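Accompanying notes for the structure given below.
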Amino acid sequence: MTWPTAVATVFLMICSWTACQAEQPAGKEFHLFLLVGQSNMAGRGRVAEKDKRAHRRVLVFTQDGKWAPAVDPLHFDKPRVVGVGLGKTFGRQVAEANPQVTVGLIPCAVGGSPIDSWRPGGFHASTKTHPYDDAMKRARAALKDGQLKGILWHQGESDSKDGKAEVYEQKLHELIARFRKELAAPNAPFIAGQMGQFKERPWSDAKKQVDRAHRELPDKVKNAAFASSDGLGHKGDQVHFNAAGYRELGRRYAKAYSQMAQKKSKE
């Protein structure tokens, strides 16, 4: 790269960053979304060039607690494997449907974390983190700048085991109530995504039970929705979605959120 080209590249990067910064409003026009769960929320898809392109009105709360243009990977739970997730596509869809607002994403997912680690004091040994406590700390810091508009959850694989699946629904309902209470957002929309349905890896009865807790959430918890994973492919490991699957899942989360917002506006 020649010196003039390098200077031009840096200039364009600075201009892009300035433009994104200019789109960060205060208060009610800054809509924040908490991204929580395990690896399929964090994202493990291969990053392509288009995943590195920022949207002027979609920001991410970085690991060091600053707002920056949202580009994949958003998460930082496992730096060696983290990649494309559903969050960026979700944010873009919401922003394009609501041109008056800026979307702020708060990534807090931790790969491999069971639901028990998503409660006060919960510890996740493999990452040596406290998923719930860490998420609360980040959420409270981010909420100084905007309003919480939704909680996006994708988790369940770690609890799809005998002895854990049977109590998963109760723990999930308790988790939702806890999030809403501690973040002072009693009516915050909560969207749960379906675990991967991959023919190479048939579901056990325990996984079906966890899936049922996700599916039935809208019927049992107020302001809750479910995003299907029908037809989405995996990245080759039969556990994680591929990049295209994550992008589509992000669109499905956004559709669920939009439908909830429309319903609320009619009430």
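Which numbered condition trips up Gly150, out of (1) of a type outside the set (Asp, Glu); (2) closer than 18 Å to Leu217 by Cα; (3) part of a helix (DSSP H, G or I); (4) out of contact with any Lys or Arg (no Cβ under 8 Å at 6 or more places or on another chain)?
If we test Gly150 against (1) of a type outside the set (Asp, Glu); (2) closer than 18 Å to Leu217 by Cα; (3) part of a helix (DSSP H, G or I); (4) out of contact with any Lys or Arg (no Cβ under 8 Å at 6 or more places or on another chain), just (3) comes out false.
Considering only residues that are buried (at least 19 other Cβ atoms within 10 Å of the Cβ) and of a type outside the set (A, V, I, L, M), which ones fall in segment 185-204?
Pro189, Phe190, Gly193, Gln194, Gly196
Residues to consider are Asp116, Asp134; find the one that is closer than 20 Å to Leu183 by Cα, part of a helix (DSSP H, G or I), more than 16 Å from the chain's Cα centre (by Cα) and touching a residue at least 12 places away in the same chain (Cβ under 8 Å).
Result of the check over Asp116, Asp134: Asp116.
Can you go through Gly245, Gly231 and tell me which one is modelled with pLDDT of 95 or more and assigned to a loop (DSSP other than H, G, I, E, B)?
Criteria check complete, one pass: Gly231.
If you scan segment 188-204, which residues turn out to be assigned to a loop (DSSP other than H, G, I, E, B) and within 18 Å of the chain's Cα centre (by Cα)?
Answer for segment 188-204, where residues must be assigned to a loop (DSSP other than H, G, I, E, B) and within 18 Å of the chain's Cα centre (by Cα): Ala188, Pro189, Gln194, Met195, Gly196.
Give segment 227-244 a look and list any residue that's surrounded by 19 or more Cβ atoms within 10 Å (Cβ to Cβ) and of a type in the set (A, V, I, L, M, F, W, C), or say none.
Within segment 227-244, Ala227, Leu232, Phe241, Ala243 meet the criteria.
Could you check, for segment 205-218, whether at least one of its residues is within 16 Å of the chain's Cα centre (by Cα), modelled with pLDDT of 95 or more, surrounded by 13 or more Cβ atoms within 10 Å (Cβ to Cβ) and over 19 Å from Val94 (Cβ atoms)?
yes
The values are calculated or read from the model by the stated rules, or taken from the named source; none is laboratory data. Only a predicted model underlies this, so the values are computations on that prediction, with no experimental measurement involved. Every residue, glycine among them, receives a Cβ derived from its backbone with ideal geometry; neighbour counts consider all protein chains shown.
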